[in-house]
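Heads up, the thing below is written out as structure tokens.
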């Protein structure tokens, strides 16, 4: 039977475009389907074993591949952000902005506000004792034990500023508590008879300073140990007038007044104190000594002026009862001279200089051989500060006029030089604070920049 020829179409897509593989097998050029034709009725059979990829399938695979990539990126992005932030935090320690929690700074900024300066010596070298208010700009918070804001005291080498010893006196937090002390309210005095430095803080606490051991400690209870009348505690305490001796006027918490003298460890009632200070030396039990000291007196340059203008050095020789009350109020301001007081303790008093021009005169040091005084030559705002050394007879050894000081500490002698702390008005309202030494022979001045009020330390 003859074969009937018809238009051959792809059974899959209907396309008439095909390729003949053999007598009866064909392959569609459009979709790639293989099919063959039976005789007679031209039955079209599809070869399902043929594997192929259509254009739609390739697009789907590409879409799935891109989706996977996007998913991976979305998963890794938060991790990458965390890593970047952590790296930035670790490298921001040297910046001035606060660091992230858990990180540290390389250095800590410190601001010191000095409240007290005292020149001294330690192991044959000049040093100074100080009390200051310290502010740590650390961003660590007030509770960090390494950097506590508050009042500190200590000793430093006068030439280098190196710390010899330092301690926290009271934290800023504790100063806000009731009945706490405030070192900003502090006065000190050297007791020659006891050979000790004492300081009173907030009119209630007594501290003893010992430069030899570099110690500064509260002796408020120790001084009155065994004194039953002081068992109620100290209500207030002050230094007595220097003309009345080297002691304290102390009030207990029953409002009773007593007078305490450390050199003899004696506690006087108010009545006994007033009686003892007027007794002549021959009626006092104990050791009677004589002393020589100097006073710098001033008087107005004219009757209409009240600013002084004339200065004169006096030498006083007197008797005192060691470590007990006395009456050294020898000076008569009306007559401008020294006269015996009650108790007959004045031996002699005489001027060792003529009146000379000077304002705001002070004695900064004296011993058996030398007297160091300071004064201003005029009352002008830009007047210089004069330091002048005289011998025990009042003769001038040298005079140095230096840039004006607003404050000069008491001086000490070490290695044939006078050492002082001096403060000047600096630029932008800031004080210039330095240590100065003056050669004992010629007064040549040397400045030591050993005091720093703003600086940095390495973080611990």
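The values are calculated or read from the model by the stated rules, or taken from the named source; none is laboratory data. From a predicted model like this one, the values you see are computed outputs, not experimental measurements. Note: ideal-geometry Cβ built from the backbone for every residue, glycine included; neighbour counts use all protein chains shown.
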Exercise. Applying the selection to region 135-171, what residues are at pLDDT 90 or above and over 12 Å from the mean Cα position of the chain (by Cα)?
Worked result: 155, 156, 157, 158, 159, 160, 161, 162, 163, 164, 165, 170
Exercise. In region 331-348, is there at least one residue being under 29 Å from residue 288 (Cα atoms), in contact with a helix residue (DSSP H, G or I) (Cβ under 7 Å, 6 or more places away or on another chain) and in a loop (DSSP other than H, G, I, E, B)?
Worked result: yes
Problem set entry | Checking residue 189 against (1) touching a strand residue (DSSP E or B) at 6+ places or on another chain (Cβ under 7 Å); (2) closer than 30 Å to residue 124 by Cβ; (3) without any contact (Cβ under 8 Å) to a residue 60 or more places away in the chain; (4) not in a strand (DSSP E or B), the condition it does not meet | (4)
Problem set entry | Members of region 226-250 found to be surrounded by fewer than 17 Cβ atoms within 10 Å (Cβ to Cβ) and over 20 Å from residue 191 (Cα atoms), listed by number | 226, 227, 228, 229, 231, 232, 233, 235
Exercise. Among the numbered criteria (1) in contact (Cβ under 8 Å) with a residue 40 or more places away in the chain; (2) farther than 18 Å from residue 313 by Cβ, which single criterion is violated by residue 390?
Worked result: (2)
Exercise. If a residue has to be at pLDDT 95 or above and either part of a loop (DSSP other than H, G, I, E, B) or over 26 Å from residue 189 (Cβ atoms) (or both) to count, how many in region 406-433 make the cut?
Worked result: 5
Problem set entry | Qualifying residue in region 201-212 (condition: within 30 Å of residue 125 (Cβ to Cβ), at pLDDT 95 or above, under 24 Å from the mean Cα position of the chain (by Cα) and loosely packed, with under 14 Cβ neighbours inside 10 Å) | yes
Exercise. Going by the structure shown, is residue 273 surrounded by 15 or more Cβ atoms within 10 Å (Cβ to Cβ), in a helix (DSSP H, G or I) and at negative phi?
Worked result: yes
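To keep it simple, each residue is scored yes or no on (1) over 30 Å from residue 375 (Cβ atoms); (2) touching a helix residue (DSSP H, G or I) at 6+ places or on another chain (Cβ under 8 Å); (3) modelled with pLDDT of 95 or more; (4) crowded, with 18+ Cβ neighbours inside 10 Å.
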| position | (1), (2), (3), (4) |
| --- | --- |
| 269 | yes, no, yes, no |
| 279 | yes, no, no, yes |
| 290 | no, no, no, no |
| 306 | no, no, no, no |
| 315 | no, no, yes, yes |
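Name the residues in region 206-246 that are assigned to a strand (DSSP E or B) and under 26 Å from residue 157 (Cβ atoms), would you?
Taking region 206-246 as the starting set, the residues that turn out to be assigned to a strand (DSSP E or B) are 206-210, 215-218, 234-239.
Correct list: 207, 208, 209, 210, 215, 216, 217, 218.
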Seminar exercise, completed: Checked region 349-366 for anything assigned to a loop (DSSP other than H, G, I, E, B) and either modelled with pLDDT under 95 or in contact with a strand residue (DSSP E or B) (Cβ under 6 Å, 6 or more places away or on another chain) (or both); matches are 352, 353, 355
Problem set entry | Tally of residues being within 17 Å of residue 117 (Cβ to Cβ) and either outside any loop (DSSP other than H, G, I, E, B) or modelled with pLDDT of 90 or more (or both) across region 439-450 | 2
Exercise. Taking region 412-435 as the search range and keeping residues that are within 24 Å of the chain's Cα centre (by Cα) and under 20 Å from residue 367 (Cα atoms), which one is surrounded by the fewest Cβ atoms within 10 Å (Cβ to Cβ)?
Worked result: 421
Problem set entry | Residue within region 201-209 that is closer than 24 Å to residue 422 by Cα, touching a residue at least 40 places away in the same chain (Cβ under 8 Å) and touching a strand residue (DSSP E or B) at 6+ places or on another chain (Cβ under 8 Å) present | yes
Exercise. When residues of region 325-337 are filtered for being within 26 Å of residue 248 (Cα to Cα) and either within 42 Å of the chain's Cα centre (by Cα) or surrounded by 13 or more Cβ atoms within 10 Å (Cβ to Cβ) (or both), how many remain?
Worked result: 7
For this session: Give region 357-379 a look and list any residue that's surrounded by fewer than 19 Cβ atoms within 10 Å (Cβ to Cβ) and over 34 Å from the mean Cα position of the chain (by Cα), or say none.
Result: 357, 367, 368, 369, 370, 377, 378, 379
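Does at least one position in region 277-285 carry a residue that is assigned to a helix (DSSP H, G or I) and in contact (Cβ under 8 Å) with a residue 24 or more places away in the chain?
Filtering region 277-285 down to residues assigned to a helix (DSSP H, G or I) leaves 281-283.
Filter once more, keeping what is in contact (Cβ under 8 Å) with a residue 24 or more places away in the chain: 281.
Yes, the conditions are met somewhere in region 277-285.
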For this session: Give just the number: which of (1) in a loop (DSSP other than H, G, I, E, B); (2) farther than 22 Å from residue 433 by Cβ; (3) under 19 Å from the mean Cα position of the chain (by Cα) does residue 174 not satisfy?
Result: (1)
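Just give me the residues in region 236-250 being in contact with a strand residue (DSSP E or B) (Cβ under 6 Å, 6 or more places away or on another chain) and over 13 Å from residue 200 (Cβ atoms), in sequence order.
Initially, region 236-250 is screened for residues in contact with a strand residue (DSSP E or B) (Cβ under 6 Å, 6 or more places away or on another chain), giving 236-240, 246-250.
The one that is in contact with a strand residue (DSSP E or B) (Cβ under 6 Å, 6 or more places away or on another chain) and over 13 Å from residue 200 (Cβ atoms): 246.
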